[in-house]
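Peer 1: Would you mind keeping the following structure in view while I ask a few things?
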Amino acid sequence: MTTVARPSPLPAWTPVDRAGAQRRALAAWHEARAAEVRPDPGASMTREERLDLSRTSEVRERAHAAVLERLGAPLAASDRPAAVVAHRHGWLRQGLVAQLEALGVEVVASVEDGADAVGAVVVAQPDLLLVEDRLPSMRGRTVLLAARRYAPHAVRAVQVGDDVVEDLSAAEPALVFTRATRPADMAGRMAGALARP
């Protein structure tokens, strides 16, 4: 059972035109897919290059499927901030979702995979995004970079392990949490970050 902290009022928050942001994100998504470099079928490739290409194609297709799956869903109401939580551990996702909801944030997607997170970001246009650095199919850094492109207004947060050596500076996360950070503390700091200028 998850204990939910007492709600505190959300800071001053300016709603985003989600429909307009979604249109821009989908246009950028399709532009990026059209620009993807396709290998020459006649080119010789090593086994490793073929495996890398296959994995990259699978991840792209999964993210594309996640976008298509969510397109029919209504956008979040504009009277509450929206969030996407991407973490491979269900107990943490559940705890964070409960904490964010108690603070007045609508969690529009709670996923355990990086490709699903990108699909949710493109379509849902969240105000908050939390990703884990070790998501299946896509690293957290890759998801944050996609979020920066497709939902630039979103406050991006990442939870990292103590042994993380990956450079997150290009992904520009607003918040970085360690594995020791409790869901209640993450939710409070994320909600507090909505007051940015």
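Only the coordinates and a few stated rules stand behind these numbers; no lab work does. Every value quoted in this text rests on a predicted model; they were computed, and no experiment measured them. Counting neighbours? That spans all protein chains shown, and the Cβs are built from the backbone with ideal geometry, glycine included.
Peer 1: Is there any pair linking a residue in region 176-197 that is without any contact (Cβ under 8 Å) to a residue 24 or more places away in the chain to one that is assigned to a loop (DSSP other than H, G, I, E, B) and of a type outside the set (Phe, Trp, Tyr), with Cβ under 8 Å and at least six apart or on different chains, and which?
Peer 2: Val176/Leu168; Thr178/Gly161; Thr178/Asp162; Arg179/Gly161; Arg179/Asp162
Okay, residues lined up against (1) in a strand (DSSP E or B); (2) β-branched (Val, Ile, Thr); (3) buried (at least 19 other Cβ atoms within 10 Å of the Cβ); (4) in contact with an Asp or Glu (Cβ under 8 Å, 6 or more places away or on another chain):
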{"site": "Ala147", "(1), (2), (3), (4)": "no, no, yes, no"}
{"site": "Arg156", "(1), (2), (3), (4)": "yes, no, yes, yes"}
{"site": "Thr181", "(1), (2), (3), (4)": "no, yes, no, no"}
{"site": "Asp185", "(1), (2), (3), (4)": "no, no, no, no"}
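Peer 1: Ok, one more. Please work out which one of (1) in a helix (DSSP H, G or I); (2) within 13 Å of Val85 (Cα to Cα); (3) among the hydroxyl-bearing types (Ser, Thr, Tyr) is the condition Ser110 fails and give its number.
Peer 2: Of the numbered conditions (1) in a helix (DSSP H, G or I); (2) within 13 Å of Val85 (Cα to Cα); (3) among the hydroxyl-bearing types (Ser, Thr, Tyr), the odd one out for Ser110 is (1).
Peer 1: Related question: In region 125-139, which residues are free of Cβ contacts under 8 Å to residues at least 60 places away in the same chain and in contact with a strand residue (DSSP E or B) (Cβ under 7 Å, 6 or more places away or on another chain)?
Peer 2: Pro126, Leu129, Val131, Glu132, Asp133, Leu135
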